[in-house]
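J.: Sharing a structure here in structure tokens format.
The values are calculated or read from the model by the stated rules, or taken from the named source; none is laboratory data. Owing to the predicted nature of the structure, the values given are computational and were not obtained by experimental measurement. We place every Cβ from the backbone using ideal geometry, glycine too, and count neighbours over all the protein chains shown. Surface areas here come from the heavy atoms of the whole protein model, side chains and all, with no ligands, DNA or RNA. Shrake-Rupley method; radii C 1.70, N 1.55, O 1.52, S 1.80 Å.
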Amino acid sequence: MPDFAERPGTVTAVSGVIFQSDGKSGLGRVFIRPLEALDRWIAGILPKPGDPPLAMHAGIRVTIDNATEYVAEQLVGTFYLDFKNGLNWTPLETFKERDRGGWDATVPAMAFRKADEPAAAETIKRLNAIQGHPFLGEDCTAFIERAFAGQRMFADSPLLRSFGIGARIGDPALPLLKPDASLELETKRKLQFDKIKYLPDALANAESPNVRIWLVRLAPIALLAVLAKRAYSSSSRKSTPASITARRFFK
């Protein structure tokens, strides 16, 4: 069971959504970033050389008992996290240790398009009662949207949107921020704010399936199907000469 699965106290404040790019994550380098890059390329916002790496994770930065900062986040990587409960209440310092040469940046909740003061207050109440879901049913962005009353806070897949399909991709690098959001210059640079501020509003429902998670689920099945087909074809080829010889022998 993860060390931080239990809420350590009462949530008394929400600072906003904290984004992270882990500079040494093999999972991010091999799988997460390439998928985000494809969507950004379709949308015409692919990072140029020298730009910061893409955000690959996000959580909700909160204050517990008016004293200590934590990050409520959905994590992946163990059987418990993937299939039982991915929700973790991670101390902010521990969260930042995972940057490992990357970066983190906090965006106030009010910077998101559909956020307002009453919604922020309701989010505090919701976090004090929220239950964790398995990661394979809820990624980090879906958890954030659930905590904010099901408001879409991250864009649909630009790739599928180009075909007229609204589908969640769970991309933390594509937040739906207000075009006039007041952010620190360094935060804007890390998020590439000038490139993402005009992303179209999401069409898919917040509870709709995450395309990326389903690709992860289906990939092993597809691989097994290909291997089984090849094994069957190879077996058929090997048995054919013997079968022909047998038929000739018994004529």
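J.: In this structure, does ALA228 turn out to be at pLDDT 65 or above and under 16 Å from the mean Cα position of the chain (by Cα)?
T.: The answer is no for ALA228.
J.: For GLY23, indicate whether it is over 20 Å from THR141 (Cβ atoms) and at pLDDT below 85.
T.: The answer is yes for GLY23.
J.: For region 61-78, name all the residues that are polar (S, T, N, Q) and either open to solvent by less than 30 Å² (accessible area, probe 1.4 Å) or under 14 Å from VAL17 (Cβ atoms) (or both).
T.: Answer for region 61-78, where residues must be polar (S, T, N, Q) and either open to solvent by less than 30 Å² (accessible area, probe 1.4 Å) or under 14 Å from VAL17 (Cβ atoms) (or both): THR63, GLN74.
J.: On to the next question. Starting from residues that are of a type in the set (A, V, I, L, M, F, W, C), in a loop (DSSP other than H, G, I, E, B) and free of Cβ contacts under 8 Å to residues at least 40 places away in the same chain, keep the ones in region 162-190 and report whichever is surrounded by the fewest Cβ atoms within 10 Å (Cβ to Cβ).
T.: So the residue we want is PHE163.
J.: Something else: Given (1) more than 30 Å from LEU185 (Cβ to Cβ); (2) among the hydrophobic types (A, V, I, L, M, F, W, C); (3) in a strand (DSSP E or B), identify the lone condition not met by VAL62.
T.: VAL62 satisfies all of (1) more than 30 Å from LEU185 (Cβ to Cβ); (2) among the hydrophobic types (A, V, I, L, M, F, W, C); (3) in a strand (DSSP E or B) except (1).
J.: Output the qualifying pairs, or none if there are none: Cβ atoms under 9 angstrom, residues six or more apart or on different chains, first residue in region 127-147 and more than 10 Å from GLY86 (Cβ to Cβ) and without any contact (Cβ under 8 Å) to a residue 60 or more places away in the chain, second residue basic (Lys, Arg) and buried (at least 17 other Cβ atoms within 10 Å of the Cβ).
T.: Going by the 9 Å Cβ cut-off, the qualifying pairs are ILE130/ARG7; ILE130/ARG146.
J.: Of these, THR123, THR63, which one is of a type in the set (Ser, Thr, Tyr), modelled with pLDDT of 95 or more and touching a helix residue (DSSP H, G or I) at 6+ places or on another chain (Cβ under 7 Å)?
T.: One residue alone meets the criteria, THR123.
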